[in-house]
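The values are calculated or read from the model by the stated rules, or taken from the named source; none is laboratory data. Being a predicted model, the structure only gives us computed values, none of them experimental. Here the Cβ positions follow ideal geometry from the backbone for every residue, glycine too, while neighbour counts run over all protein chains shown. Heavy atoms of the whole protein, side chains included, go into the accessibility calculation; ligands, DNA and RNA do not. Shrake-Rupley method; radii C 1.70, N 1.55, O 1.52, S 1.80 Å.
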Amino acid sequence: MMTQHRLTSRDQAQARDGQDCLAPMRAHFALPDDITYLDGNSLGPLPHAVRARMTRTVNAEWGQGLIRSWNDAGWIDLPERVGARIARLIGAPAQAVFAADSTSVNLFKLLSAALALRPERRVIVSERGNFPTDLYMAQGLIGTIGKGYALRTPAPDAVAAAITDEVAVVMLTHVDYRTGRMHDIDAITRAAHAAGAVMIWDLAHSAGAMALDIAGSGAEFAVGCSYKYLNGGPGAPAFIHARPDIVERIDPALAGWLGHAAPFAMEPGYRPAMSTERLRVGTPPILQLAVLQEALKVWDGVDMAALRAASIALTERFIAEVEARCPMLVLASPRDPARRGSQVSFAFEHGYAAMQALIARGVIGDFRAPDIMRFGFTPLYIDEADVIAAAAILQEVLTTEAWRDPAYRVRGKVT
């Protein structure tokens, strides 16, 4: 077994300080008393304030204001206002981010825009373990435009070497959804730019989990979802980022009316907005955006460095507890916390059934094929006591072989 990474005394002090200052945040969330929720990396819990906001938006703004609320309640500007809140969390200028569509649709928009910026090149580089929708969007775009384009998917540790002068776009997810393995944003972006390629980052599993500096990296584009660590609710709008200095060179393949410079001029020809808004397409989903805007207020004043320190402490403690109690599990995440996001994954042949047994006992994680038991750690509402209790219940599930119950082997549509 590999040696367990040890936090320095300074790291431990920072982690304690982080957990102390974040402890009051738990009161912002509607979490059942009998549940230990280790799945915020898949769907964040409900912030209490969202209920009142939804009631106001539905009853007052929609119910009473009707169509007037596009102006009177500022509905039309919600994508930008929500984007500005997300921008702080990913280290981008406020005007360079807006909320809209899904991660998949946003990736299609950015991939097509990026290829147009490098018309003489024909290669997209990703990695073989990337989240499927990212690869599907690239495959679909290539199938649509033809012209000899190719998608290359090397192993994660071979990505940098695959970025050659024939590559138009590098498209990667910062934190791997299965294992939590984390790419070095700055190093990969430098490699892409050195080769003359455009960089797209998918921040779905890192936005809200750690401090990010997408502007400092120089990456042209980024996307991400808001229903994980950002707690925007199921199906919440995704976000999209474009570096401000290249906006006027972006030629959107999906040229929608709200990406027009003057949408209500109703001109028959497309004239793009002179900002990131040119990547907007259709009418924004106001109810979902209102929920997301309210959920993001939880982050006001949160120190992202403290959050990350607390996250590392929690994941380190969980790994130590599980490896001591459950030797039948194999750590699938990087052991070095500097290379790991805010999740821990263990491989187990009967991982799906074991996770169902664990969920039945009040510890909620999730499963990813073929054998990954996945646990997310959000210090806004998870503490050390939760970690220890979860590991003890996992031990009980495995040592008693509770997972052998046939009921736990029935697969739902969502795992």
Which percent of the accessible area of segment 274-410 is formed by carbon and sulfur heavy atoms (probe 1.4 angstrom)?
55
Tell me the carbon and sulfur percent of the accessible area for segment 193-243, rounded to whole percent, probe radius 1.4 Å.
54
What residues have an amide H closer than 5 Å to that of Asp371, excluding those fewer than 5 places away on the same chain, when H is modeled at 1.01 Å from N in the peptide plane?
none
What part of the accessible area of segment 40-98, given as a whole %, is carbon or sulfur when the probe is 1.4 angstrom?
60
Tell me the Kirkwood hydrodynamic radius of segment 292-415 in angstroms, computed as one over the mean inverse distance between distinct C-alpha pairs.
15.3
Before I look further, what does the chain give for accessible area per residue, probe 1.4 Å, in whole square angstrom?
42
With charges only on Cβ, +1 for K and R and -1 for D and E, what is the dipole size of segment 148-295 about its Cα centre, in debye, rounded to 20?
280
So how do 311-317, 138-144, 169-175 stack up, highest first, on mean other-Cβ count within 10 Å?
169-175, 311-317, 138-144
Projected onto the charge dipole of segment 91-233 (+1 at Lys/Arg Cβ, -1 at Asp/Glu Cβ, origin at the Cα centre), which of Gly146, Gly233, Met210 gives the Cα projection farthest towards the positive end?
Gly146
Give the whole-number value, in cubic angstrom per residue, of the convex hull volume spanned by the C-alpha atoms of segment 368-415.
102
Order of 299-306, 267-274, 278-285, 384-391 by packing, highest average Cβ count within 10 Å first?
278-285, 384-391, 299-306, 267-274
For the chain: span of alpha carbons on each principal axis (Å, largest first)
68, 57, 47
Would you mind listing how long segment 214-329 runs along its three principal axes, going by Cα atoms, in whole Å with the largest first?
67, 33, 33
Return the long-range amide H neighbours of Val363 (sequence gap of 5 or more, or a different chain), with a cut-off of under 5 Å between placed amide H atoms.
Thr36
Among beta bridges assigned by DSSP with both residues in the chain, the antiparallel ones amount in percent, to the nearest 5, to 55
Label-point gap, in nm, between Ala265 and Asp383 - each point 7 angstrom along Cα→Cβ
5.7
For peptides 400-413, 110-123, 57-70, 336-349, sequence by mean Cβ density within 10 Å, most packed first:
336-349, 110-123, 57-70, 400-413
How big is D for segment 91-162, in µm² s⁻¹ as a whole number, if Stokes-Einstein is applied with the Kirkwood radius of its Cα pairs at 37 °C and 0.692 mPa s?
243
Roughly what percent of Cα-Cα pairs across segment 16-99 reach past 16 Å?
71
Can you give the calculated 222 nm mean residue ellipticity of the chain, where each DSSP H run of n ≥ 4 adds -39,500 (n - 2.57) and the sum is split over every residue, rounded to the nearest 500 deg cm²/dmol?
-10500 deg cm²/dmol
Using only the alpha-carbon atoms, how far is helix 286-296 inclined from the longest principal axis of the chain? Give it as 0 to 90 degrees, nearest 10.
50
Amide H contacts under 5 Å for Leu46, restricted to residues at least 5 apart in sequence or on another chain and with H modeled in the peptide plane, are Ala30
Angle check, please: helix 304-325 long axis (alpha carbons) against the longest principal axis of the chain (alpha carbons), in degrees 0 to 90, nearest 10.
40
At a Förster radius of 30 Å, what calculated FRET efficiency corresponds to the Cβ-Cβ distance of Gln139 and Arg411, to the nearest 0.05?
0.70
How tilted is helix 384-399 with respect to the longest principal axis of the chain? Cα atoms for both, answer in degrees (0 to 90, nearest 10).
70
Placing unit charges on C-beta atoms (Lys and Arg positive, Asp and Glu negative, everything else neutral), compute the dipole magnitude of segment 52-202 about its Cα centre in debye, rounded to 20.
180
Mind checking the dipole of the chain: about its Cα centre, +1 per Lys or Arg Cβ, -1 per Asp or Glu Cβ, Debye to the nearest 20?
580
